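The values are calculated or read from the model by the stated rules, or taken from the named source; none is laboratory data. Values in this document were obtained by computation on a predicted structure and should not be read as measured data. We place every Cβ from the backbone using ideal geometry, glycine too, and count neighbours over all the protein chains shown.
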Amino acid sequence: MVALMRLLIFGLIALTVLYLAISWYSRSVRRRKMERDWEEAGRPGDRNTYIETGMAQYEQSLRKRLIWLVYIVPVVTVVVIIYLTNFM
Amino acid sequence: MVYVKWVFWGLFWTGVIAFLHYTLPQHDVVRITDTYEKRVNPGDNALFWSNADTGEDPTATERDVFFIQTFRANDKPMIYRNEDTGWGWPPYFKFDTSNLQAEASDMMSKKSAENAQWVVVRHYGWRNEFFSIYPNAVSIWPVAGPDVQIIPWVKIVILLLLAASAWAIRVRWRRFWNGRQEQGDTEWGVGRG
């Protein structure tokens, strides 16, 4: 059972690092887009308020929730491989 | 200096290609002539044996390993080991070693057979006589004859995904450093050596 534990623990660590890296990257991409949007919209009102409103919307968005696929896809892949290798 | 760079990238790409060639699945069309079990005692070649932790004690130094003895279409012999990979590397998650051995011994077909039974063996790994290294058979299925074409879908998909993600990371990496460069050239970089 040591091997299974090792896979679960190191897998969890690796996927968490990947999850954090992708969500940080995705957030920074969105922030840059908001900055550009604010300029292109003719600089309406306060820049920070504009960006923060956009970021609050991002936190609720489907795009942010899709990052959970980082955990879901590998687990599903492993289950499918186990099935294909051993029970087909 | 330029040679150091060449040697470095040469070694790097040799390593990457060797790793992928060892790990990714390959297919052979063969005729199984025998299956057996042999006591092995891995030494310097221990890296090329699985010894997966699937219920048994993985610290045992000597163990019995299943082997599948075959002939390829060109009449050259090829011997596969048949070992669990379990939860370890490479991620084939193979636990059904004994079942596979039963299937293999059910499809035996000698040279003298009237209708030879050809099978495809999906395996990973290398055969090397000098170090007693055997590829590990992952699955076996019967085919019509020795000249069937197998399209390696798994390999195609994995290599495409690898290339795509390497490219995606490379593009972002470049963009990041170019962005830094431009910033450096303007206000913040003034006076910087």
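Please determine, by comparing only the residues of the stretch B:93-109 that are among the acidic types (D, E) and more than 9 Å from chain A (Cβ to nearest Cβ), which one is surrounded by the most Cβ atoms within 10 Å (Cβ to Cβ). Step through it out loud before you land on a result.
Kept after step one, since they are among the acidic types (D, E), are these residues of the stretch B:93-109: B:96, B:103, B:106.
Now narrow it down to the ones that are more than 9 Å from chain A (Cβ to nearest Cβ): B:103, B:106.
Values: B:E103: 18, B:D106: 12.
Out of the qualifying residues, it is B:E103.
Cβ-Cβ under 9 Å, sequence separation 6+ or interchain: first residue in the stretch B:7-29 and in contact (Cβ under 8 Å) with a residue 40 or more places away in the chain, partner assigned to a loop (DSSP other than H, G, I, E, B) and acidic (D, E). Which pairs?
Pairs found: B:V29/B:D147.
Okay, residues lined up against (1) over 26 Å from A:T77 (Cα atoms); (2) over 25 Å from the mean Cα position of the chain (by Cα); (3) within 14 Å of chain A (Cβ to nearest Cβ):
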position: B:G125; (1), (2), (3): no, no, no
position: B:N136; (1), (2), (3): no, no, yes
position: B:S139; (1), (2), (3): no, no, yes
position: B:I150; (1), (2), (3): no, no, no
position: B:I158; (1), (2), (3): no, no, yes
position: B:L161; (1), (2), (3): no, no, yes
position: B:A164; (1), (2), (3): no, no, no
position: B:R172; (1), (2), (3): yes, yes, yes
position: B:W177; (1), (2), (3): yes, yes, no
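Of all residues in the stretch B:35-55, count the ones that are in contact (Cβ under 8 Å) with a residue 24 or more places away in the chain, crowded, with 16+ Cβ neighbours inside 10 Å and at negative phi.
From the stretch B:35-55, those in contact (Cβ under 8 Å) with a residue 24 or more places away in the chain are B:35-40, B:44-45, B:48-54; that's our starting set.
When the remaining residues are screened for being crowded, with 16+ Cβ neighbours inside 10 Å, the result is B:35, B:40, B:48-54.
Subset that is at negative phi: B:35, B:40, B:48-50, B:52-54.
Selection size over the stretch B:35-55: 8.
Just to confirm my filter: which helices (runs of 4 or more DSSP H) fall fully inside chain A and include at least 1 residues that are polar (S, T, N, Q) and within 30 Å of B:D57 (Cβ to Cβ)?
Those helices (runs of 4 or more DSSP H) span A:69-87.
When only residues in the stretch A:19-34 that are hydroxyl-bearing (S, T, Y) and loosely packed, with under 15 Cβ neighbours inside 10 Å count, which is farthest from the other protein chains (Cβ to nearest Cβ)?
Applying the first criterion (hydroxyl-bearing (S, T, Y)) to the stretch A:19-34 yields A:19, A:23, A:25-26, A:28.
Restricting the remaining residues to those that are loosely packed, with under 15 Cβ neighbours inside 10 Å gives A:23, A:25, A:28.
Values: A:S23: 15, A:Y25: 8, A:S28: 10 Å.
Selected residue: A:S23.
Read through the list (1) at pLDDT 95 or above; (2) within 14 Å of another protein chain (Cβ to nearest Cβ), then give the number of the only condition that B:F67 fails.
(2)
Cβ-Cβ distance below 6 Å, separation of 6 or more or different chains: which pairs start in the stretch A:62-88 with a residue that is within 14 Å of chain B (Cβ to nearest Cβ) and end on one that is of a type in the set (A, V, I, L, M) and in a helix (DSSP H, G or I)?
A:V70/A:L15; A:V70/A:L18
Which one is surrounded by the fewest Cβ atoms within 10 Å (Cβ to Cβ), of the residues in the stretch A:1-18 that are of a type in the set (A, V, I, L, M, F, W, C) and more than 25 Å from B:A52 (Cβ to Cβ)?
Our first condition is that a residue be of a type in the set (A, V, I, L, M, F, W, C); within the stretch A:1-18, this holds for A:1-5, A:7-10, A:12-15, A:17-18.
Checking which are more than 25 Å from B:A52 (Cβ to Cβ) leaves us with A:17-18.
Numbers: A:V17: 11, A:L18: 14.
Across the stretch A:1-18, the extreme among qualifying residues is A:V17.
Within the stretch B:44-81, how many residues are part of a strand (DSSP E or B) and either outside the structural domain of B:T33 (by TED's automatic domain parsing) or under 12 Å from B:N136 (Cβ atoms) (or both)? Steps first, please.
Applying the first criterion (part of a strand (DSSP E or B)) to the stretch B:44-81 yields B:63-72, B:77-81.
So of that shortlist, the ones also either outside the structural domain of B:T33 (by TED's automatic domain parsing) or under 12 Å from B:N136 (Cβ atoms) (or both) come out as B:65-68, B:79-81.
Of the residues in the stretch B:44-81, 7 are part of a strand (DSSP E or B) and either outside the structural domain of B:T33 (by TED's automatic domain parsing) or under 12 Å from B:N136 (Cβ atoms) (or both).
Only one residue in B:V171, B:V138 is in contact with a Phe, Trp or Tyr (Cβ under 6 Å, 6 or more places away or on another chain) and either modelled with pLDDT of 90 or more or of a type in the set (F, W, Y) (or both), so which one is that? Show your work before the answer.
Values: B:V171 fails: in contact with a Phe, Trp or Tyr (Cβ under 6 Å, 6 or more places away or on another chain).
Testing whether each residue is in contact with a Phe, Trp or Tyr (Cβ under 6 Å, 6 or more places away or on another chain) and either modelled with pLDDT of 90 or more or of a type in the set (F, W, Y) (or both) leaves just B:V138.
Output the number of the condition that A:I67 fails; it satisfies all remaining conditions of (1) more than 30 Å from B:Y92 (Cα to Cα); (2) at pLDDT 90 or above.
Of the numbered conditions (1) more than 30 Å from B:Y92 (Cα to Cα); (2) at pLDDT 90 or above, the odd one out for A:I67 is (1).
Does at least one position in the stretch B:33-42 carry a residue that is within 14 Å of another protein chain (Cβ to nearest Cβ) and either over 30 Å from A:T77 (Cα atoms) or touching a helix residue (DSSP H, G or I) at 6+ places or on another chain (Cβ under 9 Å) (or both)?
In the first step, residues of the stretch B:33-42 are kept if they are within 14 Å of another protein chain (Cβ to nearest Cβ); the result is none.
Checked the stretch B:33-42: no residue is within 14 Å of another protein chain (Cβ to nearest Cβ) and either over 30 Å from A:T77 (Cα atoms) or touching a helix residue (DSSP H, G or I) at 6+ places or on another chain (Cβ under 9 Å) (or both).
Considering each residue of the stretch B:7-34, count those that are surrounded by fewer than 14 Cβ atoms within 10 Å (Cβ to Cβ) and under 19 Å from the mean Cα position of the chain (by Cα), and give that number.
Let us first name the residues in the stretch B:7-34 that are surrounded by fewer than 14 Cβ atoms within 10 Å (Cβ to Cβ), namely B:7-21, B:34.
Keeping just the survivors that are under 19 Å from the mean Cα position of the chain (by Cα) gives B:12-21.
The total comes to 10.
Among the residues in the stretch B:82-92, are any outside any strand (DSSP E or B), away from chain A (no Cβ under 14 Å), out of contact with any His (no Cβ under 6 Å at 6 or more places or on another chain) and without any contact (Cβ under 8 Å) to a residue 40 or more places away in the chain? Show your work before the answer.
So in the stretch B:82-92, the residues outside any strand (DSSP E or B) come out as B:83-92.
Of the ones still in play, those that are also away from chain A (no Cβ under 14 Å) are none.
No: zero hits.
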